[in-house]
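No lab work stands behind these numbers, since they all come straight from the coordinates. Nothing here was measured: the structure is a model prediction, and the numbers come from that model. When we count neighbours, we look across all protein chains shown, and the Cβ atoms used for this are built from the backbone with ideal geometry, even at glycine.
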Amino acid sequence: MSSTPSAPPSRGAHDPGPVPGQPPVAQPSRARARLRRLAPRAALLALLAAGTSGCTSNAFTRMGWPEPITQQGKVALTLWQGSWAAAWAVGAVVWGLTIWAIIFHRKSRASGAPPQQVRYNLPIEMLYTVVPFIMVGILFFFTARDENYIDKLSAHPDVTVIVTGFQWSWQFQYKNYPVPGSPTRYVTMNGEPWTPQTGSSQLPLLVIPEHKTVRFDLVSTDVVHAFWIVPFEFKRDLIPGHPNHFEVTPTRTGTYIGHCTELCGLYHSRMLFRVKIVTPAQFSQWIRTQQVLQARSGGAQ
Ligand SMILES: [Cu+2]
């Protein structure tokens, strides 16, 4: 007598399937099994997407921001990253609960009855009223703390630069460094309004020392401009008749491009300047050279 292997149960020609008029029996265990099978594949796919997207890990964690070059910029970046981490955590909980409800709490075809209602459930209503208040409170606390730090002005900054915006260039004056006999009184770097012949080497130059407190006094002679050096992670307006201030401590040497970031007229987009962050020794040498040159020429460079 030969034994035949037992075939898996399948719906054959003699299986009539669901009886008309009678709904099929729900099988929640099948959905769970499918989820167990798909979850590792989805995780692997997400990992692969993150790994092959071409971002270095550092750029990815900055979420689109450039690398900061000041202490204040680092604080702003940390706040940005913290806010994203909080948003992702809240998102993960909300998406998790949504998917869980979609998979495991669908209306049962077997019963046909509406799912269990949770209206007037006081603990749940308290929860979703109080939790957002706590979240807003935490975000508010960190924002206020960091804003106070970024806005702080020292009583005696190491370098003060008077930044004057005008249509369509900049003037930088170093008020700790006088130039005897000069009409501008201090070491002054003057920009010329842009023309089609202006090259990037002719942009006005702002030189500041690294690891020193540098204060900017912002004034405008005509309309509203805004002073923006992208990796400072910060910008502030220059408003006629309303002097503004801010302070930074640069943390890295390098050359960058500064912008006007308030639409101020025809050549607004050309209102650029060069920023050089140098070591304190290089800064002292540069400023001494400027003092000599500007005293000799009787004015700004
Ligand atoms: Cu402008």
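A few points about this structure:
- With all pairs of separate Cα atoms included, the stretch 191-241 yields a Kirkwood hydrodynamic radius of 13.3 Å.
- Translational diffusion coefficient (Stokes-Einstein; Kirkwood radius from C-alpha pairs) of the stretch 159-297 at 4 °C, 1.567 mPa s, in µm²/s: 85 µm²/s
- For the stretch 109-193, the Cα-based Rg and Dmax, in that order, read 29.8, 96 Å.
- Positive end of the dipole of the stretch 229-297 (Cβ unit charges, origin at the Cα centre): among Leu272, Val248, Cys260, the Cα lying farthest that way belongs to Leu272.
- The stretch between Lys276 and Met135, if pulled fully straight at 0.36 nm per residue, gains 46.7 nm over its current Cα-Cα span.
- Dipole magnitude (debye, nearest 20) for the stretch 159-297, charges at Cβ of Lys, Arg, Asp, Glu: 420 debye
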